[in-house]
Structures are given as structure tokens and as C-alpha cells.
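This is the structure, below, for whatever I ask next.
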Amino acid sequence: MSKLWGGRFKKETNKLVEELTASISFDQKLAKEDIQGSLAHVQMLGESGIISTEDMEKIIAGLNKVSEKLEKDELEYNVSNEDIHMNIEAFLIEEIGPVGGKLHTGRSRNDQVATDMHLYLKNHTQNIIEMIESVQAAIVSQSEDHIYTLIPGYTHLQRAQPVSFAHHLMAYFWMLQRDKERYIDSLERLNWLPLGAGALAGTTFPINRERVAELLGFDNIYPNSMDAVSNRDFIVEFLSASSMLMMHISRLSEELVIWSSEEFKFVELDDSFCTGSSIMPQKKNPDVPELLRAKTGRVNGSLVGLLTVLKGLPLAYNKDMQEDKEGMFDTVETVEGTLQLLAPMIESMTVNEEVMRKAINQDYSNATDIADYLVTKGMPFREAHEIIGKIVLNAIDQGKYLLELNLEDYQSFSPLFDDDIYEVLAHEQVVGARNSQGGTAPEQVQQQIKLAKEKLDKCQALVE
């Protein structure tokens, strides 16, 4: 079978070259979008009088038949046709004959593939936004149940100050909120139509790009044909947003792995999200969060890979750009698969409140509040800081925690201490005292959850 572009060539393509240059093995994922773009293009050709109404109707009918076969998984792609565009055109010609060759009037594979990828990422970005919301909803649900559950808060992975477990979880809600907003913002750049740019310089046919944009649901058309076919910023932006999202998911996954360990036992993941050992029957391994943590690397790799491909390309289209797709497809599948697992895993995990309570009762994370106590009595903070450091050292030497020291112990370091120091040191008081906006006090956490729900409602309305 001769190439659709083979008229200028005397020799057949070397088989190794054919294998190298062909992209049908992966860009067949764009089949739906390719047909969608072709339907809009041919309708415009007919409406503009570039082809006859009869030919337009034949081509539309043929494309619909190809689409039906696609839905039934009846299409057999041919590597000799190189890519999804030429394969779809070949299927069309098989259905309706030579008139199918008129479909490509006024366009190039360069603007065609750019359009396909805009459509593909628009659809999947909207899906990812909704999936992020499902994870956020799961976080809010767990948080509402654990506003008064206390957990050690860490810096440097050393116990720092007790916090509400809900407050800790909600930190991830806001990370995901920023991720979601980045995807939402990227839709503005995805809503530009490249089709009609031709190979690089436009076309001699009197096409109506605005009509195609209307049919495909684009808000704008690229004003520069060379930019339209050479731009891959929208993919880089998607990969960048996805790398940020996966980095945040990796941080959460890391904590789930730590929290579910025998040493912590803060949470237990549902059996359906864990696996066992082939040799050690007692094991319950947190494989899902481990793999989610690991998959961040492949998404980051796709971003760096595409940036490296694009960094030295002259205008306009270059075959190097064929390397833009596999990383994009892989990232879409990775991100969607990750989010699909993450929401139910968070919803179903068991929170071991008593283990968390025991942990905060066996540390010195309420020490800062003693310093604040002395400050309220008139002592400069730096002096108070030094005194409390000595009190903590004294308690460690005695094998006691701060609530176990007697009043005489405290007064030996400063006469400002009184019986009310034990009220200050109670962990509920320590958490409740941090009532500044955005703090961990139950009242502030409740306000935070309320704001989070408003954000979810607002985003849902925006997407709809």
C-alpha cells in the first residue's frame, strides 16, 4: 500500500525508518478526538463552499461509521499509515471511496495533531479536576470526624507541638486545592484552536476557523499559524501541574506509610488497599501508598523529557514533537489511576485515636506553652525559652514528662509558676489555645472545614 504522501518519492520507506517514525502504536489514543476534529472541519468545508454539500454529507456519514467501529474496537491500525490521522483517513476512504480524500483539504497533520491534543487534554483535565475533588471530599469527611483527635505535630520529623488530626489532614486539602486551581487555570490556555493553521503558514482556502472553534467548543483561535503548530506549552503546563499534584500525593503517601507502621500505628489502611508477603504471613504492606509515592518519578520524568525535547527546536513543526505524546498519555493514566485509588483509601482508613493520644502524652511537645505562660507573666520570651529548655532537660533526667513534674520543680526555675501551669499544659488546652486564624484550635479547624466545603461547591459550579 502506497503512502498517502508518497507521490514525491522513488523508493519505499526503509522498514526501520518506518518503525522509528510511525506513532500509531501510541497516538491511536487520539482516535476519538481525531474523528471529532475531522467532523467539525468537514462541516466547515461544506458550509464554506470549499467542498460540495453532497461530499460533506458523504464524508460525515463515513466518519460516523469509522467512529462506530472505533466504539466497537473493530479498527485494525496499519503501521504503514504511520499515525492516527492517516489511519483514520484510510478507514474513511475504505468506507466511502476517493471522496474521503477531500477531508484533508485546507489542513495539515501539523494543525490536526495539535487540535487532537488540545481536545484530549481538555477532556482529561476536566476529569482530573473532578477526581481531585473526590479526594478532597474524602479528606473533609475524615477531618470532620477527627477535629478533637490529637496527634503529635512534627518538624524535622521530631515531635514539635500537638495538633488536631483534622488540621493535619486538611493541610493536604489546601495543597490539592492549589493543584486543582492550576488545572482549572490551564483550561484557559487549552481553549485555543490550532486547526486552520495548516502546516505552518495557513491555507489558500477560504476556511472559517471561528466556525470550527464553535463546533469544537473552543473559546479562541491561535492568531499566529506558526505558533499554533509548534506550541506545546499546554502539554508542558499539564505535566507541570501533574508533577506538583503527584508531589503532594507522594508526601501524603509517605505519611500514610509511616503512620501505618508498627512503630506509629496512628492509622490502619483497609485490607483492600494493602497486600501481604509471600514468605512472612504476618505482614500487611502499604503497597498502594508506596506505589503512589513512586509514580511521582515517572510524571516528573515526562515533564523533564518534554522540556528537553522542546528546548532547542526552531520554528515551526519538527518531527521531534512526536515525542510529546507518550509522556502525556502516561501522565494522564498515572494521575487518573492515582486519584481513583486515593479517595477510597482515605475514606476507608481507620484512625487509632487512643494510640495518637498516648503519643502526645509521652513527649515534651507542650513545652512552648510553658514559655508562653511565663511571657504572659511578664518575662521576655528569650529568657523564658532558656528556662523551659532547662526544665525539659531536668524532666528528661528524672524520666518524667512535663505534666508529671510537681509545682516545686517548676518554682525552682522561676517563682512565676503557679498551680495554673497544669491547666496550660493539658494537651486539649495546648491545642485549643492556638485559636489564631488558620490555627489548630477546634474552632479554627471547623471554620477551615466550612471554607473547604465552600471551595468545593464553588468549583463544582464553575466546572458545570
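The values are calculated or read from the model by the stated rules, or taken from the named source; none is laboratory data. All values derive from a computational prediction rather than experimental measurement. Don't worry about glycine lacking a Cβ; one is built from the backbone with ideal geometry, like all the others, and counts go over all protein chains shown.
Is one or more of the residues making up segment 304-318 of a type in the set (Gly, Ala, Ser), assigned to a helix (DSSP H, G or I) and free of Cβ contacts under 8 Å to residues at least 24 places away in the same chain?
yes
Run down Gly196, Gly217 and say which single residue is on the phi > 0 side of the Ramachandran plot and crowded, with 17+ Cβ neighbours inside 10 Å.
Answer to the selection: Gly196.
Moving on. Taking segment 360-371 only, how many residues are assigned to a helix (DSSP H, G or I) and either under 14 Å from Ala160 (Cβ atoms) or not β-branched (Val, Ile, Thr) (or both)?
Residues in segment 360-371 being assigned to a helix (DSSP H, G or I) and either under 14 Å from Ala160 (Cβ atoms) or not β-branched (Val, Ile, Thr) (or both): 6 in total.
Of these, Leu303, Leu310, Leu339, which one is touching a helix residue (DSSP H, G or I) at 6+ places or on another chain (Cβ under 6 Å) and within 30 Å of Asn224 (Cβ to Cβ)?
Step by step, each of Leu303, Leu310, Leu339 is checked, and only Leu303 is touching a helix residue (DSSP H, G or I) at 6+ places or on another chain (Cβ under 6 Å) and within 30 Å of Asn224 (Cβ to Cβ).
Pull up segment 430-443, narrow it to residues that are in a helix (DSSP H, G or I) and touching a residue at least 40 places away in the same chain (Cβ under 8 Å), then point me to the one that is farthest from the chain's Cα centre (by Cα).
The residue in question is Val430.
Suppose the filter is surrounded by fewer than 22 Cβ atoms within 10 Å (Cβ to Cβ), of a type outside the set (A, V, I, L, M), part of a helix (DSSP H, G or I) and at pLDDT 95 or above; does His167 pass it?
Details: surrounded by fewer than 22 Cβ atoms within 10 Å (Cβ to Cβ): no; of a type outside the set (A, V, I, L, M): yes; part of a helix (DSSP H, G or I): yes; at pLDDT 95 or above: yes.
No; evaluated as a whole, the condition is false for this residue.
Matching residues to (1) of a type in the set (Gly, Ala, Ser); (2) not assigned by TED's automatic domain parsing to the domain that holds Met321:
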site	(1), (2)
Ser80	yes, yes
Ile84	no, yes
Ala90	yes, yes
Val99	no, yes
Tyr120	no, no
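Quick one: how many residues across segment 275-291 are under 16 Å from Lys265 (Cβ atoms) and surrounded by fewer than 14 Cβ atoms within 10 Å (Cβ to Cβ)?
2
Within segment 373-387, which residues are out of contact with any helix residue (DSSP H, G or I) (no Cβ under 7 Å at 6 or more places or on another chain) and surrounded by fewer than 15 Cβ atoms within 10 Å (Cβ to Cβ)?
Result: Thr376, Lys377, Gly378, Pro380, Arg382, Glu383, Glu386.
Determine which member of the set Val212, Val257, Val229 is β-branched (Val, Ile, Thr), in contact with a Pro (Cβ under 7 Å, 6 or more places away or on another chain) and buried (at least 20 other Cβ atoms within 10 Å of the Cβ).
Selected residue: Val229, the only one of Val212, Val257, Val229 that is β-branched (Val, Ile, Thr), in contact with a Pro (Cβ under 7 Å, 6 or more places away or on another chain) and buried (at least 20 other Cβ atoms within 10 Å of the Cβ).
For segment 366-383, which positions are closer than 19 Å to Arg434 by Cα and out of contact with any strand residue (DSSP E or B) (no Cβ under 9 Å at 6 or more places or on another chain)?
Once the filter is applied, which keeps residues that are closer than 19 Å to Arg434 by Cα and out of contact with any strand residue (DSSP E or B) (no Cβ under 9 Å at 6 or more places or on another chain), segment 366-383 yields Ile370, Ala371, Asp372, Tyr373, Leu374, Val375, Thr376, Lys377, Phe381.
Here's the yes/no breakdown for (1) small (Gly, Ala, Ser); (2) under 31 Å from the mean Cα position of the chain (by Cα); (3) assigned to a loop (DSSP other than H, G, I, E, B):
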| residue | (1), (2), (3) |
| --- | --- |
| Glu347 | no, yes, no |
| Tyr373 | no, no, no |
| Glu386 | no, no, no |
| Pro415 | no, no, yes |
| Glu428 | no, no, no |
| Gln447 | no, yes, no |
| Lys453 | no, yes, no |
| Lys458 | no, yes, no |
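Among Asn285, Asn352, which is more than 30 Å from His118 (Cα to Cα), assigned by TED's automatic domain parsing to the domain that holds Ile128 and without any contact (Cβ under 8 Å) to a residue 24 or more places away in the chain?
Step by step, each of Asn285, Asn352 is checked, and only Asn285 is more than 30 Å from His118 (Cα to Cα), assigned by TED's automatic domain parsing to the domain that holds Ile128 and without any contact (Cβ under 8 Å) to a residue 24 or more places away in the chain.
Next up: In this structure, does Ser143 turn out to be of a type in the set (Ser, Thr, Tyr), more than 27 Å from Val332 (Cβ to Cβ) and in a helix (DSSP H, G or I)?
Answer is yes for this residue.
If we scan segment 190-208, do we find a residue that is part of a helix (DSSP H, G or I) and more than 19 Å from Asp324 (Cα to Cα)?
no
Being closer than 22 Å to Gln112 by Cβ, under 24 Å from the mean Cα position of the chain (by Cα) and not in a helix (DSSP H, G or I) narrows it down to one residue among Phe218, Phe238; which is it?
Phe218
Is there any pair linking a residue in segment 41-55 that is free of Cβ contacts under 8 Å to residues at least 60 places away in the same chain and over 16 Å from Gly196 (Cα atoms) to one that is among the aliphatic types (A, V, I, L, M) and in a helix (DSSP H, G or I), with Cβ under 6 Å and at least six apart or on different chains, and which?
Pairs that qualify, where the first residue is free of Cβ contacts under 8 Å to residues at least 60 places away in the same chain and over 16 Å from Gly196 (Cα atoms) and the partner is among the aliphatic types (A, V, I, L, M) and in a helix (DSSP H, G or I), are Asp55/Val99.
Please verify whether segment 329-339 includes one or more residues that are surrounded by 15 or more Cβ atoms within 10 Å (Cβ to Cβ), closer than 30 Å to Leu200 by Cβ and of a type in the set (Val, Ile, Thr).
yes
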